[in-house]
Amino acid sequence: MNRFPPSSSLSAPPVRKSVPKASDFSFSNVGLSPAAADAIWNALRRALVEIQAGNNSKLRFEELYRNAYTLVLHKQGDKLYRGVEEVIEQRMRQSAAEVAQASDAFLLERLVAAWDDHKLKMSMMRDILMYMVGPDESHNAASAFGAKQRRLLVSSRLTAF
């Protein structure tokens, strides 16, 4: 009595499952609808305003980072860039107006304090928005953007005289 199956059944080639191809998958949710992009941007906008106001203790930076990355990933980087530029410009105008109200005796002190505060807030925002500018553009874009902010701050003070 042989308890083993005949040797012919052991030598049969194994059945191979077909490997799925990329074309087999349906990417029905690849795009980001304009409404979803707007919702993500509005959430980011509120967070950036909160950071600039110093109310960032309850923000979830990892989630904000993912949202910024999602916008860039779905070809909404221009919306993100222009929106961030607008938010920062509004804050810079507000800071410039505050500095312009300082008396001559405290002008330099107020200007340095405003600039230090701005740099701190921008470093927090940078951590969220690191995907906003490509690696080969980052130096030039950051320099141009920083120069624009400085011109805004200085020109506002000069026009106050």
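For Ala105, state whether it is farther than 26 Å from Ala36 by Cβ, of a type in the set (A, V, I, L, M) and touching a Lys or Arg at 6+ places or on another chain (Cβ under 9 Å).
Against the criterion (farther than 26 Å from Ala36 by Cβ, of a type in the set (A, V, I, L, M) and touching a Lys or Arg at 6+ places or on another chain (Cβ under 9 Å)), Ala105 does not qualify.
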Quiz item: Can you find a residue in the stretch 24-42 that is in a loop (DSSP other than H, G, I, E, B) and either at pLDDT 95 or above or within 22 Å of Asp127 (Cβ to Cβ) (or both)?
Solution: no
Quiz item: Of the residues that sit in the stretch 43-63 and are assigned to a helix (DSSP H, G or I) and not aliphatic (A, V, I, L, M), which one is surrounded by the most Cβ atoms within 10 Å (Cβ to Cβ)?
Solution: Gln52
Quiz prompt | the stretch 73-123, residues that are hydroxyl-bearing (Ser, Thr, Tyr), in contact (Cβ under 8 Å) with a residue 24 or more places away in the chain and over 14 Å from Ala53 (Cβ atoms) | solution = Tyr81
Exercise. Looking only at the stretch 50-72, decide whether some residue is more than 17 Å from Ser123 (Cβ to Cβ), free of Cβ contacts under 8 Å to residues at least 40 places away in the same chain and small (Gly, Ala, Ser).
Key: no
Practice problem: Determine which member of the set Ala97, Ala113, Ala102, Ala68 is at pLDDT 90 or above and assigned to a loop (DSSP other than H, G, I, E, B). | Solution: Ala102
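The values are calculated or read from the model by the stated rules, or taken from the named source; none is laboratory data. Bear in mind the structure is a predicted one, so any value in this text is a computation, not a measurement. As a convention, Cβ positions derive from the backbone with ideal geometry for all residues, glycine included, and neighbour counts pool all protein chains shown.
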